[in-house]
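In what follows, a structure is listed as structure tokens, so that the remarks can point back to it.
The values are calculated or read from the model by the stated rules, or taken from the named source; none is laboratory data. The structure displayed is predicted, hence computed values, not measured ones. We place every Cβ from the backbone using ideal geometry, glycine too, and count neighbours over all the protein chains shown. Protein only, heavy atoms only, side chains kept; ligands, DNA and RNA dropped before computing areas. Shrake-Rupley method; radii C 1.70, N 1.55, O 1.52, S 1.80 Å.
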Amino acid sequence: MIVSPKTAYAGCVLSVYEGGEGDRQMTDSFLLTRVLLTFEDTSDDLLGDLSAIARTPDGHLWVGSDELTSIERLSLVGSHVYGNHHAFDAGEFLELFNDESEIDIEGMDYSQGYLWVVGSHSYKRKRPKGKKAKKDIRRLSDIDTDDNRYLLARVPVHDGALVTSCLSSTLSDEPLTAAMLAKTDQRNMLMTALSEDPHIGPFIQMKLPSKDNGLDIEGIAVTGNRIFLGLRGPVLRGWAIILELEVAVDTESPHVLLLKEQENGDLYRKHFVDLNGLGVRELSLQGDDLIILAGPTMALSGAMQVFRLNDLLEHSKDTIWHQESNSLSVLFDLPFFAGADNAEGMTLFPCFGEDQALMIVYDAPAPERRFTAHSIFADVFRLPH
């Protein structure tokens, strides 16, 4: 049986397809269930702008909004229901650029005792307000950014809480310490390196906004100190870009991360992927494979798909991946609602006997997804074996 989205929103119901493998519907939807996320806050800046999610081994869910500077923790409080909302101010653990502007959190992941967070690293163009034509036209010429968007950081997780530092007897003799990528005159070390990149540099030098196909980091996957960053933009002639980098702690400060040089002297690698013209919205590592959540770049509404890139951890050079290579494949399509339910956050999630199903949260959620003023539904999909 397939449960319709409208019916499924009405409660946490199981939505498993029970037809044969040859049925066309099997390739379009792998919805297992919906999970209710309940917050203390009713603000649209939170529930209406969920952009990142990660699950830690202790079972907590960590959620980020692209309009706030806080990281939200949820705990399991019932069958398919998460609550006990607690907000952690990122500024308590990290030396942000300022106390006012949003981080524009676009990706989260957990690895070896750390919760990793990445901001969009993007410029933005002001929106027309629809009141006075002359002012709206002028607003469309205004390009700005928020310094806190240029954040790549990790914060230790200890006993279900974010902390500045802690000891970890199981992972390392060294203490776990909150740290962020080194700041530079171009905001951080990654931006300094990318500004000279032949593919990405021109977009940075033009200060092209994210909604105009400019630089926009929207996904992160981490294993140890090896980090993959997915770009929603730029998409180059239909090819999306995933950056791979490695970090090390600055010997002069445990709260500062530095980019490590690759074998060829570069500070990062680039992986070009054929996502049917889509950009990256989020990343998750499953073993050596990279799960890619893909959606339209810029301000477009359109198809969203989940891909698998096989054995990416085995590669140590720049790569380009065609779907004909049999290493990159579409796993399933997400339901599409024009102007709503933009898939933004993704994390592996155990569900109904599946060790690693896929939980997805949405920006601009459809009204039916808002169960109450305080709660919203996330989707859980089965990953094809």
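Checking each residue in the stretch 79-100 for being of a type in the set (S, T, Y) and surrounded by 15 or more Cβ atoms within 10 Å (Cβ to Cβ) picks out only Y82.
Taking the stretch 42-71 as the range and being open to solvent by less than 20 Å² (accessible area, probe 1.4 Å) and β-branched (V, I, T) as the test, the residues that pass are I53, T56, V63, I71.
If the condition is being in contact with a strand residue (DSSP E or B) (Cβ under 6 Å, 6 or more places away or on another chain) and farther than 30 Å from D142 by Cα, then the stretch 224-252 contributes N225, R226, I227, F228, E244, L245, E246, V247, A248, D250. Return the residue satisfying two criteria in turn: it lies in the stretch 223-243 and is open to solvent by 10 Å² or more (accessible area, probe 1.4 Å) and among the β-branched types (V, I, T), and of such residues it is farthest from A303 (Cα to Cα). Going through the qualifying residues, I end up with T223.
Meeting the requirement of 3 or more residues that are in contact with a His (Cβ under 9 Å, 6 or more places away or on another chain), the helices (runs of 4 or more DSSP H) wholly within the stretch 122-221 are 189-194. On inspection, L245 fails the criterion of being among the aliphatic types (A, V, I, L, M), in contact with a Leu (Cβ under 8 Å, 6 or more places away or on another chain) and not in a strand (DSSP E or B). With the structure loaded, tell me whether L231 is outside any strand (DSSP E or B) and either under 16 Å from the mean Cα position of the chain (by Cα) or touching a residue at least 24 places away in the same chain (Cβ under 8 Å) (or both) or whether it fails that test. It is false that L231 is outside any strand (DSSP E or B) and either under 16 Å from the mean Cα position of the chain (by Cα) or touching a residue at least 24 places away in the same chain (Cβ under 8 Å) (or both). On the stretch given as the stretch 92-112, residues that are of a type outside the set (S, T, Y) and within 20 Å of the chain's Cα centre (by Cα) total 11.
Somewhere in the stretch 300-314, is a residue closer than 21 Å to L245 by Cα, touching a residue at least 24 places away in the same chain (Cβ under 8 Å) and of a type in the set (V, I, T)? No, the stretch 300-314 has no match at all. For the stretch 106-162, filtered to residues that are at positive phi and out of contact with any Phe, Trp or Tyr (no Cβ under 9 Å at 6 or more places or on another chain), the residue that is surrounded by the most Cβ atoms within 10 Å (Cβ to Cβ) is G113. Of note, M359 satisfies the criterion of being in contact with an Asp or Glu (Cβ under 8 Å, 6 or more places away or on another chain) and buried (at least 22 other Cβ atoms within 10 Å of the Cβ).
The sole residue among G214, G201, G238 that is free of Cβ contacts under 8 Å to residues at least 24 places away in the same chain and not polar (S, T, N, Q) is G201.
Of all residues assigned to the stretch 332-349, at least one qualifies as being in contact with an Asp or Glu (Cβ under 7 Å, 6 or more places away or on another chain), buried (at least 17 other Cβ atoms within 10 Å of the Cβ) and aromatic (F, W, Y).
Go through the stretch 41-70 and report how many residues are in a strand (DSSP E or B), of a type in the set (A, V, I, L, M) and in contact with an Asp or Glu (Cβ under 8 Å, 6 or more places away or on another chain).
Qualifying residue count for the region: 4.
Residues that are in contact (Cβ under 8 Å) with a residue 40 or more places away in the chain and in contact with a helix residue (DSSP H, G or I) (Cβ under 8 Å, 6 or more places away or on another chain): does the stretch 130-149 have at least one? No: zero hits. For the stretch 303-327, the tally of residues that are more than 30 Å from F337 (Cβ to Cβ) and open to solvent by less than 70 Å² (accessible area, probe 1.4 Å) stands at 9.
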